[in-house]
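*Asks:* My questions all concern the structure below.
Please treat every number below as a calculation from the coordinates, not as lab data. In this text, all values refer to a predicted model and were calculated from it rather than measured experimentally. Neighbour counts run over all protein chains shown; Cβ positions are idealised from the backbone, glycine included.
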Amino acid sequence: MIFLFFILFFLISLTSSAENPIRIHLDTDQKPVNLVGDLFTIDRIIPLETTPDNLIGTISKLQIKNDTMYIFSRKTVMLFRITGEYIGSLGKIGNGPGEMVLPTDFSVHPNGVQIAMLDNVKEELFFYNNNGKFIFSQKTGLSYIAHFTWYKPDVFIFSSNFKSQGEKNFSVYLSDLKKNNSRGFLNFDPSINGIFLMNHCQYSQYRSDQFITRDFDNTVYKLGSGDIPAPYINITFNSGTIQKEDLLRFSGKPYDFIDWKHKNKMCDLGNFNEFDRYYAITYFKGNLKHTQIISKKTGTHYKINHSANLSDPISEFLPVWAYKDYLIMVAEPFVLKQKIKQIPPTIKTKLGKNYETLLKIANQVNDEDNPLIIFLAYNDDK
């Protein structure tokens, strides 16, 4: 009876409104799953075509629209077909017309017809078509912007890096560039204005819902009526919650704050993604990255450690990007090939089909090839 009451309580808590957001408590001391393969099956692996002109470094962002993958690396957006063939790249560095000084982010038009890149120095958006041709650029009207997303055909969401815009102290701005109109939301205390180096918001979508998370705020916001952000999920940790007083104490001392955060294993919300059957919440405890998978059906929490676990070749490669109902991870070929060699026989058996899939692709790629894009499908709830 007690167990049934707990499940009923959890399912009721998943009904969210602005006045009653979903409540999710994360136990950071929870024992992680033995293998990510216990939760996910590798649906497919896409090797990105490698040419002398498209060598990829660290992938800082990936979007998929209309069977095209858009990958941000080395201050450039590279386009690949969903099957891995290289299409081209866009973004030119320089001070001339149509050139950027410091591109920090990109986003794809909701219908996939254009790509916008943000120059953090020029405070300007640069627009391209899918053939890589530069179309035009436009000032954002905002300062210190490092990250953004293309929300609606004429509307963008910009993060403010906790920097005041004149007398305005908002974390995010919704901007209609055609109307030259910006609205600010999620106010922050001006006493913490600009005290950190690169604070920014994270954006994710589920169906037609647009979500926003920001640093040092354990609330997931959803754009509701009138495109106004409202609390959708409140996340709590069992320990290590960063308070406003902590931010003020380290004002002007970002590196001291990072050292303190790591040493004291403080928790900070990272990415949030919602899927048909589960939530994926990534957070940092100290300098370690973790993801919790939460079943919508049962309320069960599954913790994943992102570490160089020799027995699990998947966990180390798992950033949390989302596409439809898939989690996306990126694997460097030379790392995957090394890890495959180190897996104990008993773990190979437990990995089953996932191991066979990884082994097959590891034997097909070279160490110096571009990364592999891996699509993970959630297994049925146990």
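*Asks:* Of all the C-alpha pairs in region 166-251, what % are more than 22 Å from each other?
*Replies:* Roughly 34 percent, rounded to a whole number.
*Asks:* Anyone know which of Leu359, Leu327, Leu118 comes out most mobile in the 10 Å Cα GNM of the chain?
*Replies:* So, out of Leu359, Leu327, Leu118, the one fluctuating most is Leu359.
*Asks:* If you put +1 on each Lys and Arg Cβ and -1 on each Asp and Glu Cβ, how big is the dipole of region 75-166 around its Cα centre, in Debye rounded to 20?
*Replies:* Numbers: 8 positive and 7 negative charges, 5 e Å.
Here region 75-166 has a charge dipole of around 20 debye.
*Asks:* For region 111-243, report the % of Cα-Cα distances exceeding 26 Å.
*Replies:* Numbers: 2129 of 8778 pairs.
Summing the P(r) tail past 26 Å for region 111-243 gives 24 percent.
*Asks:* At 4 °C and 1.567 mPa s, grab the translational diffusion coefficient of region 247-376 from Stokes-Einstein with a Kirkwood Rh over Cα pairs, rounded to a whole number in µm² per second. Please list the in-between numbers first.
*Replies:* Numbers: Rh = 16.7 Å.
Value of D from the Cα-based Kirkwood radius: 77 µm²/s.
*Asks:* Hey, another quick one. Taking the number of other C-beta atoms within 10 Å as the exposure measure, put Tyr279, Tyr86 in order starting with the fewest.
*Replies:* Details: Tyr279 21, Tyr86 16.
Ordered by Cβ neighbours within 10 Å, fewest first: Tyr86, Tyr279.
*Asks:* Could you compute how fast region 92-188 diffuses translationally, taking Rh as the Kirkwood radius over C-alpha pairs and applying Stokes-Einstein at 10 °C with viscosity 1.306 mPa s? Give it in µm² per second. Walk me through the numbers before you get to the answer.
*Replies:* Values: Rh = 13.6 Å.
Approximately 117 µm²/s, per Stokes-Einstein.
*Asks:* Follow-up question, since we're still on this one. Suppose only helical runs count, i.e. DSSP H with n ≥ 4. What mean residue ellipticity at 222 nm does that imply for the chain under -39500 (n - 2.57) per run, divided by all residues and rounded to the nearest 500 deg cm²/dmol?
*Replies:* Details: 6 runs with 55 residues, N = 382.
Roughly -4000 deg cm²/dmol at 222 nm, from the helical runs in the chain.
*Asks:* Which of these values of log10 I(q)/I(0) by the Debye sum over Cα atoms at q = 0.09, 0.10, 0.12, 0.14 Å⁻¹ was calculated from the structure shown: [x] -0.60, -0.74, -1.01, -1.26; [y] -0.56, -0.70, -1.03, -1.39; [z] -0.53, -0.65, -0.91, -1.17?
*Replies:* [y]
*Asks:* Would you kindly state how much longer the chain becomes between Asp53 and Lys31 on full extension, computed as 0.36 nm times their sequence separation minus their alpha carbon distance, in nm to one decimal? Intermediate values should be presented prior to the final figure.
*Replies:* On the way: separation 22, 0.36 × 22 = 7.92 nm, distance 4.41 nm.
That pair, Asp53 and Lys31, stretches by 3.5 nm at full extension.
*Asks:* Within 10 Å of each residue's Cβ, count the other Cβ atoms and sort Arg44, Arg74 from fewest upward.
*Replies:* Values: Arg44 14, Arg74 17.
Sorted ascending by nearby Cβ count, the order is Arg44, Arg74.
*Asks:* Can you tell me the Rg and Dmax of region 13-90, counting just the alpha carbons, in angstroms?
*Replies:* My reading of the Cα-based Rg and Dmax gives 18.9, 54 Å.
*Asks:* Which of His290, His109 has the fewest other C-beta atoms within 10 Å, and how do the rest follow up to the most? Spell out each step's value before the answer.
*Replies:* Values: His290 20, His109 16.
Placing the least packed residue first, the sequence is His109, His290.
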